[in-house]
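Have a look at the structure below before the remarks.
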Amino acid sequence: IPRCSITIALLTLGGLIVVLSGVWLLGTIFWLHKPPSTEPHRPPPPAVGRSPNGTWLQPESCSQIPEAWRFDCYPERGVVVTAEMCHARNCCFIQNSQAKTSGWNGVPWCFYTPEYPSYELVSITDTEIGKVGKLLRNKKTYYPKDIDALQLEVLYEDNRLHVKITDPAEKRYEVPIDVPVVPKTASSNPSYTVDFIKEPFGLIVKRTQTGTVLLNTSIAPLFYADQFLQMSTSLPSRFIYGLGEHRSNFLHDLQWNTLTMWARDVPPMELTNLYGVHPFYLSMESDGMAHGFFMLNSNAMDVALQPAPALTWRMIGGILDFYVFLGPDPSSVIAQYLDVVGKPAMPIYWALGYHLCRWGYKSSDKTWNVVKEMRNYGIPQDVQWNDIDYMDSALDFTYDTMNFSTLPDLVKDLHKHDQHYVMILDPGISNSLPSGSYWPFDEGKKRGIFINDSNGDILTGKVWPGLTAFPDFSNPDTHEWWYQNLKSFHEKVPFDGVWIDMNEPSNFFDGSLNGCPENELENPPYTPGILGGTLKAKTVCASARQKISTHYNIHSLYGLMEAKATESALRKITDKRPFVISRSTFPSQGKYSGHWLGDNRSQWKDLATSIPGMLTFNILGIPLIGADICGFGGSTTEELCVRWTQLGAFYPFSRNHNSIDEQENFLPSVLNTLTIAGHSNYKANLDDINFLRPNTTLWVSSGQPLNLIVSLSEDGLAKGDLYWDDGETLDTYEKDQYAYIYFTVLHNHEEAAYITVETVSFYGVKVEPENVTVNSQEAAFTYHDNQVIYFNIVLGSYWLQISDDFVHFVIR
């Protein structure tokens with residue numbers, strides 16, 4: 001009887017194992033074939049255990065996790081991960097024979113088990129604007145100072161979802177930019193649904209119309225330690241754009257590609273953190289719809305993309321504060337993003353013209369001669385610039401009274417010809433001159449507006465003028481000091497705009513003259529993949545003290561804060577729309593400045609990569625964007641410079657600029673090949689650069705008739721609009737001082753009287769018409785085999801005026 005009982009028990013146990021194995025196998029097969037864009041994706045749970053000596057045993061199910069869905073448990077750079085190191089973190093270890101080392105550039109060898117300990121959602125309640133919940137962690141992670149209890153706040157806003165995860169016990173640093181506060185929840189039929197997974201905690205956001213999963217944070221564990229925050233999500237497709245500033249294709253590569261964000265002075269190169277930080281992406285879904293995601297965090301971070309497709313955010317401070325924008329088309333996504341960070345400012349009209357600059361004119365007379373040469377050739381030029389060589393010993397708010405003695409007269413001459421002048425300013429203020437000899441430093445020290453080191457003394461760095469102090473633009477007092485310096489210099493040299501450079505901020509020292517202390521701010525538990533390997537590399541100490549926080553938290557905001565101070569000062573000085581171009585940028589920068597893509601090179605590759613740069617920064621809300629035409633570093637060639645000038649005419653911010661002691665970019669051979677085009681078909685010959693403006697400045701050209709191009713849809717329809725004002729007055733939209741034309745006039749103003757139309761081209765006219773009338777008057781036309789109608793518009797003795805009651809085209 002005992003033997004029989006044992007047999008029955010063994011058979012029962014074996015059957016149970018077979019059944020469980022079958023269920024597990026079916027579940028695994030279903031999981032492997034389930035599309036990640038429609039349902040939450042979670043690998044099968046492992047059988048976790050420990051050996052008799054207490055070491056962690058790797059579950060067999062680790063090998064069942066597809067490579068594309070392995071989330072890195074050991075993301076530290078430059079580390080050869082061993083099984084012992086990985087198992088010490090209770091993670092799976094499988095060495096990939098195709099990769100030399102584990103980590104950021106390939107399939108991770110060390111990755112999380114599907115049931116890796118995370119937070120549990122222990123409570124959630126409704127509020128007037130969404131939900132609030134409590135998260136608890138019961139097991140420590142491998143990073144110090146876990147925050148065990150968190151508050152979850154979910155805000156349901158129309159066409160966007162806002163989520164904040166914070167420490168309810170202690171206030172943490174948050175990015176100090178204004179975002180909209182919504183007083184009530186979204187409509188009763190929102191465009192998204194939010195599901196909550198209690199343990200391990202996860203958020204799943206779906207598009208109501210299609211069921212597409214836009215966000216699924218349950219696929220990997222949530223980390224929230226004092227200096228390490230990590231959140232992963234699946235992606236509905238591989239089509240991800242944005243995530244600046246990096247040199248890359250417009251479409252990001254998801255093949256184990258990690259993008260680091262921490263403002264850095266470095267010539268543009270791939271796989272490197274560059275001048276600006278923009279943790280926003282736009283995603284195109286498989287059905288053509290689009291959504292966006294914005295992580296409002298300014299601390300150093302890695303954004304890891306992997307082919308699942310999935311994405312992981314790793315930040316070393318702040319809070320988790322993010323938005324999901326529902327679109328559903330790309331332009332709507334960008335508009336919703338700008339509703340949060342702020343819409344870009346309307347630029348002053350001449351900003352859209354042609355700009356010429358060089359580091360190394362070396363005198364105001366040489367600069368002036370270039371301007372005169374441009375005029376002699378009849379080449380359009382709106383703005384002349386100077387780099388730091390105009391300064392006296394590279395000191396801000398000075399000019400070299402020997403070599404640039406005629407600078408004030410040059411600027412007056414530019415203004416006489418309806419042209420404008422822009423000069424460079426760097427944030428580093430010399431602190432080594434005799435007391436009383438340099439007002440910017442003496443007064444700044446008196447007011448206490450400079451960045452201090454961790455001991456409370458003024459931090460000393462080194463930039464072009466030598467030893468320097470750095471203004472703390474997080475301090476409102478600094479803005480007033482900056483304005484007074486600009487105003488004083490403007491009284492000597494009446495500049496029209498300001499170019500703010502070196503504002504990451506750049507420092508020729510690593511940290512400071514006296515180094516940086518050894519502490520957790522300088523050496524955090526995790527350091528993202530920053531060029532140089534440390535937070536202080538070629539900038540100021542992370543532990544440096546500023547008005548609102550440590551530099552550790554607000555480093556990447558420096559350019560934004562300087563741009564804000566400069567824009568405000570120019571408003572008061574010129575009483576016109578400010579023109580500011582900044583090298584370092586952050587979300588909301590478009591409200592205050594434009595941007596250029598930095599110290600590029602005179603190479604064909606740099607010409608090509610400028611195009612995705614233009615497109616990306618338009619996604620990021622900074623449409624006044626350009627690149628140094630013909631290249632900044634190195635010597636250009638005639639062919640490269642001609643082709644780059646042809647391309648650069650289409651940059652929103654179009655500036656030719658190159659470096660000191662290099663061959664001038666604007667070659668005489670290029671000037672001999674420039675032509676003013678008046679034909680309707682434009683060939684891109686190497687011998688010609690087609691300028692479609694008949695005058696040498698935008699202001700003069702603005703009085704000329706427009707050439708209207710109309711592209712018809714398949715059903716023969718077209719629509720378009722035009723905004724027009726005087727091009728320089730502040731707040732014309734708010735003051736109702738503009739004209740807005742949508743073929744019929746929707747909003748009229750006296751400015752519209754200055755707009756006339758000379759020619760019209762209709763594209764997509766499939767059959768040659770019998771006649772064309774404009775406002776009931778017949779117009780002579782030409783029909784081309786490429787389905788284009790072209791005609792001049794002359795009504796009586798005048799061109800067609802947009803300010804007429806309506807503009808009515810009839811094609812029969």
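Which of the following residues is in a helix (DSSP H, G or I), over 18 Å from Phe579 (Cβ atoms) and in contact (Cβ under 8 Å) with a residue 60 or more places away in the chain: Lys372, Lys366, Lys412?
Lys412
Would you check if there is a residue in the stretch 591-605 being among the aromatic types (Phe, Trp, Tyr) and either surrounded by fewer than 24 Cβ atoms within 10 Å (Cβ to Cβ) or in a helix (DSSP H, G or I) (or both)?
yes
Only residues that are under 31 Å from the mean Cα position of the chain (by Cα) and open to solvent by less than 50 Å² (accessible area, probe 1.4 Å): list them for the stretch 703-721, please.
Once the filter is applied, which keeps residues that are under 31 Å from the mean Cα position of the chain (by Cα) and open to solvent by less than 50 Å² (accessible area, probe 1.4 Å), the stretch 703-721 yields only Gly720.
Yes/no matrix, rows are residues, columns are (1) farther than 18 Å from Val179 by Cβ; (2) of a type in the set (S, T, N, Q); (3) at pLDDT 95 or above:
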{"position": "Thr272", "(1), (2), (3)": "yes, yes, yes"}
{"position": "Gly276", "(1), (2), (3)": "yes, no, yes"}
{"position": "Met301", "(1), (2), (3)": "yes, no, yes"}
{"position": "Pro307", "(1), (2), (3)": "yes, no, yes"}
{"position": "Gly327", "(1), (2), (3)": "yes, no, yes"}
{"position": "Ala335", "(1), (2), (3)": "no, no, yes"}
{"position": "Asp339", "(1), (2), (3)": "no, no, yes"}
{"position": "Trp359", "(1), (2), (3)": "yes, no, yes"}
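Going through the stretch 561-589 one residue at a time, which ones are open to solvent by less than 10 Å² (accessible area, probe 1.4 Å) and part of a helix (DSSP H, G or I)?
Glu562, Ala563, Ala565, Thr566, Ala569, Leu570, Gln589
What do you reckon, is Thr125 of a type in the set (Ser, Thr, Tyr) and open to solvent by less than 20 Å² (accessible area, probe 1.4 Å)?
no
Within the stretch 232-258, track down each residue that is in a strand (DSSP E or B) and either open to solvent by 10 Å² or more (accessible area, probe 1.4 Å) or among the small types (Gly, Ala, Ser) (or both).
Ser232, Ser234, Phe239, Tyr241, Gly242, Gly244, Arg247, Asn257, Thr258
Out of the residues in the stretch 427-453 that are of a type in the set (Gly, Ala, Ser) and out of contact with any helix residue (DSSP H, G or I) (no Cβ under 8 Å at 6 or more places or on another chain), which is farthest from Asn503 (Cα to Cα)?
Ser437
Going by the conditions given, is Leu215 within 26 Å of Arg89 (Cα to Cα), touching a Leu at 6+ places or on another chain (Cβ under 8 Å), modelled with pLDDT of 95 or more and surrounded by 19 or more Cβ atoms within 10 Å (Cβ to Cβ)?
no
Can you list residue pairs whose Cβ atoms sit under 9 Å apart, with the first residue in the stretch 756-780 being in contact (Cβ under 8 Å) with a residue 60 or more places away in the chain and the second being open to solvent by 20 Å² or more (accessible area, probe 1.4 Å) and not in a strand (DSSP E or B)? Count only pairs 6 or more apart in sequence or on different chains.
Pairs found: Thr759/Ser680; Thr759/Pro705; Ser761/Ser680.
I'd like to know if the stretch 663-678 contains one or more residues that are at pLDDT 85 or above, open to solvent by 20 Å² or more (accessible area, probe 1.4 Å) and closer than 15 Å to Gln603 by Cβ.
no
Can you tell me which of (1) without any contact (Cβ under 8 Å) to a residue 60 or more places away in the chain; (2) open to solvent by 10 Å² or more (accessible area, probe 1.4 Å); (3) not assigned by the TED database to the domain that holds Glu157 is the one Ala335 doesn't meet?
(3) is the only condition that Ala335 fails.
Counting only residues that are open to solvent by less than 20 Å² (accessible area, probe 1.4 Å) and either in a strand (DSSP E or B) or closer than 23 Å to Gln704 by Cβ (or both), which one in the stretch 755-778 is modelled with the lowest pLDDT?
The extreme case among them is Ile755.
Can you find a residue that is surrounded by fewer than 16 Cβ atoms within 10 Å (Cβ to Cβ), over 23 Å from Phe293 (Cα atoms), in contact (Cβ under 8 Å) with a residue 24 or more places away in the chain and in the same structural domain as Thr193 (by the TED database) anywhere in the stretch 128-136?
Taking every residue of the stretch 128-136 in turn, at least one turns out to be surrounded by fewer than 16 Cβ atoms within 10 Å (Cβ to Cβ), over 23 Å from Phe293 (Cα atoms), in contact (Cβ under 8 Å) with a residue 24 or more places away in the chain and in the same structural domain as Thr193 (by the TED database).
Looking at this structure, is Thr272 closer than 20 Å to Asn600 by Cα and out of contact with any strand residue (DSSP E or B) (no Cβ under 6 Å at 6 or more places or on another chain)?
So Thr272 fits the description; yes.
The values are calculated or read from the model by the stated rules, or taken from the named source; none is laboratory data. Computed from a predicted model, the values in this text were never measured in an experiment. So basically every Cβ, Gly included, is an ideal-geometry build from the backbone, and we count neighbours across all protein chains shown. Surface areas here come from the heavy atoms of the whole protein model, side chains and all, with no ligands, DNA or RNA. Shrake-Rupley method; radii C 1.70, N 1.55, O 1.52, S 1.80 Å.
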